[in-house]
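What follows is a set of notes on a single structure, which appears directly below.
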Amino acid sequence: MISAYNKGELGKAFDIGFSFFHGISGAPQDFAKSREWFSKAAAGGNTAAMVKLGDIYSDSYGVKKNLPQAFKWYSLAAEKGDAEGQEKLGDMYYNGEAVKVSKLDAAKLYAKAAEKSSDYSPSSKLGRMYLLGDGIKKDPAGAMKWMLKSDELGDAGAAVDIAGLYSAGAGVKRSYSKAAEWLVKGANQGDTIAMRRLAEAYFAGEGIRKSKVEAYKWLSVVTAKETNPAAETLIKRVAASMSRSEMEEAKMQAPGLVKKFVTREDVEKKAYLKTIKGI
């Protein structure tokens, strides 16, 4: 790639920098060299290189952490319309890094990024800001718009917020059945908050056919996957209310669902956390 660059293929500068940054394509990992090549690419207008330079200074890759430099590079990328640069610059405004906190500016940048990004992150961030009124005017309809886009782009966690909006009738006509549908979707995508809330819906028969067996099954997944006091308390309540036949059915079906969603890493992480004082 370097020989191609030397022959005039200036677009190779980013690829060379990327190879040195990650230690791939036969290049050793060398952050100094990656910075050098990203700088060449950025000088030629490559916005992805500008973002990588921002990352280098923000996260101390081979250099001392320098947030003003990170802000500079993210700003340059954002000005040229780079969605990732806009999102990361938005993060700096949101957190007050190298600039005074301005959640309004953060929201504006997230909106620009969300319009064209193939990643759900900026849509999710903007949706939650509208949902909570976090630095901007609370807007349930706006929250729904961006959460739906976030879901379309693969954000399993968006289903919980969408379900909450339907359940509350915020920004949309109240519908417990639609709320339950979204919880089913989120649970089947592996989101444990969705699983617990779906179990609550099954236990109460809210928007979905009442089923203590289904409630127990989903809570079994959550309690196997992570330390979750709310789920642990609820599964005891559910179990105490079940008939013998319901419990037998749940005990037969729960292991299959647990196997589907709980990994060995989940089990090891939960066991490790239990060894930490206070967990």
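The values are calculated or read from the model by the stated rules, or taken from the named source; none is laboratory data. Keep in mind it's a predicted model, so treat the numbers as computed, not measured. Cβ placement follows ideal geometry from the backbone for every residue including glycine, while neighbour counts extend to all protein chains displayed.
Output the qualifying pairs, or none if there are none: Cβ atoms under 6 angstrom, residues six or more apart or on different chains, first residue in region 152-168 and at positive phi, second residue not in a helix (DSSP H, G or I).
154/120
What are the residues in region 194-211 that are under 20 Å from residue 255 (Cα atoms) and surrounded by 21 or more Cβ atoms within 10 Å (Cβ to Cβ), if any?
Residues of region 194-211 that are under 20 Å from residue 255 (Cα atoms), as a first pass: 194-200, 202-203, 211.
Residues satisfying the conditions are 194, 195, 196, 197, 198, 199, 202, 203.
Considering every residue within region 201-213, establish whether at least one is in a helix (DSSP H, G or I) and closer than 24 Å to residue 131 by Cβ.
There is at least one residue in region 201-213 that is in a helix (DSSP H, G or I) and closer than 24 Å to residue 131 by Cβ.
When region 180-193 is examined, which residues are found to be among the hydrophobic types (A, V, I, L, M, F, W, C) and buried (at least 24 other Cβ atoms within 10 Å of the Cβ)? Don't jump to the end; show me each part of the working.
At the first step, the residues of region 180-193 found to be among the hydrophobic types (A, V, I, L, M, F, W, C) are 180, 182-184, 187, 193.
182, 183, 187, listed by residue number.
Taking the criterion of being surrounded by fewer than 18 Cβ atoms within 10 Å (Cβ to Cβ) and closer than 30 Å to residue 68 by Cα, would at least one residue in region 144-160 satisfy it?
No, region 144-160 has no match at all.
Looking only at region 236-244, decide whether some residue is under 22 Å from residue 159 (Cα atoms) and not assigned by TED's automatic domain parsing to the domain that holds residue 127.
Checked region 236-244: no residue is under 22 Å from residue 159 (Cα atoms) and not assigned by TED's automatic domain parsing to the domain that holds residue 127.
Within region 5-64, track down each residue that is aliphatic (A, V, I, L, M) and over 16 Å from residue 77 (Cβ atoms).
If the condition is that a residue be aliphatic (A, V, I, L, M) and over 16 Å from residue 77 (Cβ atoms), then 10, 16, 24, 27, 32, 63 are the ones that fit.
Which ones in region 55-91 are basic (Lys, Arg) and either exposed (fewer than 15 other Cβ atoms within 10 Å of the Cβ) or in contact (Cβ under 8 Å) with a residue 60 or more places away in the chain (or both)?
So in region 55-91, the residues basic (Lys, Arg) come out as 64-65, 72, 80, 88.
Residues satisfying the conditions are 64, 65, 80.
For region 170-205, give me each residue that is among the basic types (Lys, Arg) and outside the structural domain of residue 141 (by TED's automatic domain parsing).
Answer for region 170-205, where residues must be among the basic types (Lys, Arg) and outside the structural domain of residue 141 (by TED's automatic domain parsing): 196, 197.
Could you list, ordered by first residue, the pairs with Cβ atoms under 7 Å in which the first is in region 102-119 and surrounded by 17 or more Cβ atoms within 10 Å (Cβ to Cβ) and the second is of a type in the set (S, T, N, Q), at least 6 apart or interchain?
What qualifies is 109/86; 112/86; 113/86; 114/123.
Being among the β-branched types (Val, Ile, Thr) and closer than 17 Å to residue 190 by Cβ is the filter here, so list the residues in region 228-279 that pass it.
258, 262, 263, 267
Look through 130, 94 and report the one residue that is within 17 Å of the chain's Cα centre (by Cα), in the same structural domain as residue 74 (by TED's automatic domain parsing) and not basic (Lys, Arg).
On the way: 130 fails: in the same structural domain as residue 74 (by TED's automatic domain parsing).
That would be 94, the only listed residue that is within 17 Å of the chain's Cα centre (by Cα), in the same structural domain as residue 74 (by TED's automatic domain parsing) and not basic (Lys, Arg).
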